[in-house]
Amino acid sequence: MLRKINLTTQIVIGLLLGIILGAWYRHNWPDMANIKPFADNMHILSDIFLRLIKMIIAPLVFSLLLTGIAKVGDFKTVGRIGLKTMIYFTGATIVALLLGLIIVNIFEPGKALQLSSKTLSNVQPKPFNGKEFIEHIFPESIADVMARNQILPIIIFVLFFGVAVASMHEKGKIIIEFFDAIAHAMLRITGYVMKLAPLAVFGSLAAVISLKGLDILGGYLQIILCFFGGLLFFIFGVLLTICLVLKIDFFKLFNHVKEPMILAFSTASSEAAMPKTILGLERFGCPPRIVSFVLPLGYSFNLDGSIMYMTFATMSIAQAYGMHLGISQQITMMLILLVTSKGMAGVPRASLVVIAGMLQTFNIPQEGLTLLIAIDWLLDMGRSATNVIGNAVATAVVTKWEREAIED
């Protein structure tokens, strides 16, 4: 029966059952001496899920980033348009990451969950140390850093490895194909692991509701409102400003892509809206050669809503446990995500793996991730719609730049 129900519905069912079970247990056995063992036992479901997620991090980051570097290498063959596209994608990614940090620092939505780090041995975020940070960047052993899921040293190795492979030309293609196959295998494994997400959400919600009561649901509402407010600001603040500066009719463009945006929102899939987005952009006046080049790449390298969510989610979980990350740590986080997001932005559920890696990098309790999964399906609807308009604006911007270059 469950096979006929999609994953989002299963997660919602797990969410509701977890709330019901947690509230029922808290009502019938209010003594903390009874609740604590129950919560610990229910956490086993989410603990297993998190261990499986951590199992995926290193090979997925390695293989996807390597194949992503190979795709970037192709830009050299397309010249001017490719360079302009990458300049815009990089700038948009920085703005999206920075906006996620600004919103989460101003409104602090994670604090509404009020989770306790005391049950987790009073862990604290790793303090920033310049010397240790520089030494940490350069791995002594790639096997060691992969075993410990240390993303930043993995990135450095992949950058060296990717350049070396690219310089091998024909021989290098064999290596790229090999890791591309590994990437596809890891994505399939990610899909298998995600089938356990409803059980993880069920166990996690039952545990936290039994410990904290139903008041924690108000924290979920605050996170949802804060994130959707951030997405609206990105669309009608950042993207609108970009269009005004470049003299692009934003509202005309928005009107042409509103149908695929609604489709992306309702299906929680920006890729499902791609055919209609192409038609909308061509009606807006973007040349087919630019649309066919920029838009597909945008679905791999420029998913603004998903990228913004990475900093927002990581910081929200830290706030939920009452943990403070300084400016230097947040900048480090943004720089790491600037690189990793380029290889993983268009991969379903890969943001979950990236966030798990960030939590481990900054010593943030990863148990908080299962709580966000409970509402991730709703947040994903907003992210998907934002991804559509973000890539539409990217295509319009590159079109504008290209026309001006031709006229000059």
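For GLY326, the stated conditions hold: it is under 17 Å from ASN363 (Cβ atoms) and surrounded by fewer than 22 Cβ atoms within 10 Å (Cβ to Cβ). If only residues of region 172-223 that are among the basic types (Lys, Arg) and in a helix (DSSP H, G or I) are counted, the one that is surrounded by the fewest Cβ atoms within 10 Å (Cβ to Cβ) is ARG188. Restricting attention to region 89-121, the residues that are at negative phi, modelled with pLDDT under 80 and among the polar types (S, T, N, Q) add up to 3.
Given the structure, is LEU232 surrounded by fewer than 19 Cβ atoms within 10 Å (Cβ to Cβ) and not aromatic (Phe, Trp, Tyr)? For LEU232, the condition - surrounded by fewer than 19 Cβ atoms within 10 Å (Cβ to Cβ) and not aromatic (Phe, Trp, Tyr) - is met. Return the total of residues in region 358-367 being more than 15 Å from the chain's Cα centre (by Cα) and not polar (S, T, N, Q). So the count comes out to 4.
When region 13-35 is filtered for residues that are assigned to a helix (DSSP H, G or I) and at pLDDT below 85, the ones remaining, listed by number, are MET32, ALA33, ASN34.
The set of residues in region 164-208 being farther than 30 Å from TRP377 by Cα and free of Cβ contacts under 8 Å to residues at least 12 places away in the same chain consists of ALA164, SER167, MET168, HIS169, GLU170, LYS171, GLY172, LYS173, ILE174, ILE175, GLU177, PHE178.
Per-residue answers, yes or no, for (1) modelled with pLDDT of 90 or more; (2) assigned to a helix (DSSP H, G or I); (3) within 25 Å of LEU45 (Cβ to Cβ); (4) of a type in the set (Lys, Arg):
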position: MET323; (1), (2), (3), (4): no, no, yes, no
position: GLN330; (1), (2), (3), (4): yes, yes, no, no
position: LEU359; (1), (2), (3), (4): no, yes, yes, no
position: ASP376; (1), (2), (3), (4): no, yes, yes, no
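Looking at ILE248, ILE242, just one residue is more than 30 Å from GLN366 (Cα to Cα), modelled with pLDDT of 90 or more and in contact with a Lys or Arg (Cβ under 7 Å, 6 or more places away or on another chain), and that residue is ILE248. Restricting region 158-192 to residues that are in contact with a Pro (Cβ under 9 Å, 6 or more places away or on another chain) and of a type outside the set (Val, Ile, Thr) leaves a set whose member that is farthest from PHE138 (Cα to Cα) is GLY191.
One line per residue, one yes/no per condition, for (1) touching a residue at least 12 places away in the same chain (Cβ under 8 Å); (2) more than 30 Å from ILE81 (Cα to Cα); (3) surrounded by fewer than 24 Cβ atoms within 10 Å (Cβ to Cβ):
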| position | (1), (2), (3) |
| --- | --- |
| ALA313 | yes, yes, no |
| TYR321 | yes, yes, yes |
| MET334 | yes, no, yes |
| LEU352 | yes, yes, yes |
| THR361 | yes, yes, yes |
| GLY382 | yes, no, yes |
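Once region 268-292 is narrowed to residues that are within 26 Å of ASN6 (Cβ to Cβ) and among the aliphatic types (A, V, I, L, M), the residue that is surrounded by the most Cβ atoms within 10 Å (Cβ to Cβ) is ALA273.
For region 258-296, filtering for residues that are among the hydrophobic types (A, V, I, L, M, F, W, C) and closer than 16 Å to PHE89 by Cβ leaves 5.
The values are calculated or read from the model by the stated rules, or taken from the named source; none is laboratory data. None of the values given here were measured: they were computed from a predicted structure. Note that we place each Cβ from the backbone using ideal geometry, even for glycine, and neighbour counts take in every protein chain shown.
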